[in-house]
Amino acid sequence: MNRKIIHIDMDAFYASVEQRDNPEYRGKPIAVGGSPEGRGGVVMTASYEARVFGVRSAMPSKKARDLCPQLLFVRPRFDAYKAVSAQIREIFHRYTDLIEPLSLDEAYLDVTEDKLEIGSAIEIAQLIRKTIRDELNLTASAGVSINKFVAKIASDLNKPDGFAFIGPSNIAAFMEQLPVEKFHGVGKVTAEKMKSKGLFTGADLKRLSEAELIRDFGKTGSFYFKIVRGQDDRPVTPDRETKSVSAEDTFPHDLSTIEEMGPELDRIAGLVQVRLQKYHLKGRTVTVKIKFSDFRLMTRSQTLPAPTDDLETIRDTARRILGAAIEEGWKVRLLGVGLSNFEDQAPPAGPQLGLF
Ligand code: TTP
Ligand code: MG
């Protein structure tokens, strides 16, 4: 029997809370985070009025201000966002306890069996959206399908204040027309690599065998093989505890000097820092993962005196680890940076395996 999975994601979350609580921001382009003088800092999120100008999450404030001179910069109030996050979770719990939060504003729900015996995932998703609007004065978008992957893509289709249902009989056609860059989990480099091989959509990927996908894209090849057929049997895991936050990138060409690797490592560290911020986590242990052209894998870690989510600290530590680990001339295909050993969580016993 098919499962009934809902993915819910609040619209322009921090910005919407600010517009709700401060009437003077309503209908205006606002950015949460960053600095009005454009002196450093990045935008955490932008209201939809600001997105019209091209303002986006993780954009430096100077660029955001250049794109939209009347942009209002608002200082984040994390306590307010956490409170709303708890309120939406309480609404989810009216229907199911199988809730897997991905961040403050986003969660998967398994409503195969719902507490109120409504039976229809579409109806539950719409009820949740209506309740969030009526009780919290905020909007959310929802996607409904039979697995997490398709539900997540569906929730993004009609954002903001949107809804989409992709049922079992539509999944195949939907995945076939989907551009490869829309497959979440496919990064920019992989998407480019796919396109250079003439793979632009799900239909193109579907023509390849599992062995061919693994040959071209490594282990994730078998994930793509399944996903393009709409198969994803990952369960919704309630209140999963985040153990590590990481990012990695495979390069189109092998890198062999520190001069080439340094800026790439910095960029990857930046992605990790954005995620740490998004999940409100600070970690003590920085890990660098290195894959060589012969697929040999090396991971090296360093534990800091205090937990951090500071970009410079993460970058410097990652660079130090990399500098100590590799020798000039080694050919590097992939670099990754991870943070673990989070604040308020007991340090892991024994060697730190299982990162990434
Ligand atoms: P998202 O759900 O990615 O973005 P959003 O809710 O602002 O907008 P939408 O879903 O309508 O596209 O992230 C949720 C919140 O997490 C966001 O409001 C602010 C925070 N965040 C950051 O702090 N930094 C980031 O880089 C991102 C992407 C989000
Ligand atoms: Mg959101």
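Nothing in this text is a laboratory measurement; each read-out follows from the coordinates by a stated rule. In this text, all values refer to a predicted model and were calculated from it rather than measured experimentally. Cβ placement follows ideal geometry from the backbone for every residue including glycine, while neighbour counts extend to all protein chains displayed.
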Checklist outcome for this item: Env charge @ residue 19, Cβ radius under 11 Å, K,R +1 / D,E -1, value -2
Checklist outcome for this item: Among the Cα-Cα pairs of segment 153-195, the proportion with separation greater than 13 Å, in percent, is 62
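By the scheme Lys and Arg +1, Asp and Glu -1, what is the net charge of all other residues having a beta-carbon under 14 Å from that of residue 69?
+1
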Checklist entry - With Rg and the Kirkwood Rh both taken from Cα atoms, where does Rg over Rh land for segment 14-74? => result 0.92
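Going down the list 63/331; 197/282; 4/206, which pairs span over 30 Å between their C-alpha atoms?
Values: 63/331 35 Å; 197/282 39 Å; 4/206 25 Å.
Too far apart for the 30 Å limit: 63/331; 197/282.
Can you give the Rg to Rh ratio of segment 69-183, both from alpha-carbon atoms, with Rh computed by the Kirkwood formula? Kindly include the intermediate steps, with their values, before the conclusion.
Details: Rg = 15.6 Å, Rh = 15.4 Å.
With Rg and the Kirkwood Rh in hand, the quotient comes to 1.01.
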Checklist entry - Tally Lys/Arg at +1 and Asp/Glu at -1 over every other residue whose Cβ is under 15 Å from the Cβ of residue 54; what's the total? => result +3
Checklist entry - Do the sum for the chain: with -39,500 (n - 2.57) for every DSSP H run of n ≥ 4, divided by all residues, what is the mean residue ellipticity at 222 nm, to the nearest 500 deg cm²/dmol? => result -11500 deg cm²/dmol
Item to check | Estimated translational D of segment 179-227 in µm²/s (Stokes, Kirkwood radius over Cα pairs; 25 °C; 0.890 mPa s) | outcome: 235
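Which helices count as membrane-span-like in the chain under these terms: full DSSP H, at least 30 Å along the axis by C-alpha, Kyte-Doolittle mean of -0.5 or more? Don't skip to the answer; put the middle values down first.
Working: long enough: 258-279 (31 Å, -0.23).
Membrane-span-like by this rule: 258-279.
Measure up 62/291; 115/182; 115/159 against 31 Å on the Cα-Cα distance and list the ones that go over.
Details: 62/291 35 Å; 115/182 33 Å; 115/159 27 Å.
Cα-Cα > 31 Å for 62/291; 115/182; rest within.
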Next on the checklist: Let's see if you can work this out: charge +1 on each Lys and Arg Cβ, -1 on each Asp and Glu Cβ, no other charges. What is the dipole magnitude of the chain about its Cα centre, in debye to the nearest 20?
Outcome noted: 480
Next on the checklist: Regarding segment 244-342, what's the average projected area of the Cα-atom convex hull, expressed in nm²?
Outcome noted: 5.6
Item to check | the chain: relative contact order in percent, alpha carbon pairs under 8 Å with at least 6 residues between | outcome: 14
Next on the checklist: Straight-line reach from residue 152: which aspartates and glutamates fall under 15 Å, measuring Cα to Cα and dropping same-chain residues less than 8 apart?
Outcome noted: 9, 11, 100, 105, 106, 110, 161, 181, 232, 233
Checklist entry - For all pairs of alpha-carbon atoms in the chain, what percent lies in each bin of width 10 Å, listed from the first bin to the last filled one? => result 5, 21, 29, 30, 14, 2, 0
Item to check | Selection of trypsin sites (Lys or Arg not before Pro), segment 19-119, meeting DSSP coil and at most 15 other Cβ within 10 Å | outcome: 26, 39, 77, 94, 115
Item to check | Alpha-carbon radius of gyration plus Dmax, which is the widest Cα pair, for segment 1-147 in Å | outcome: 17.1, 56
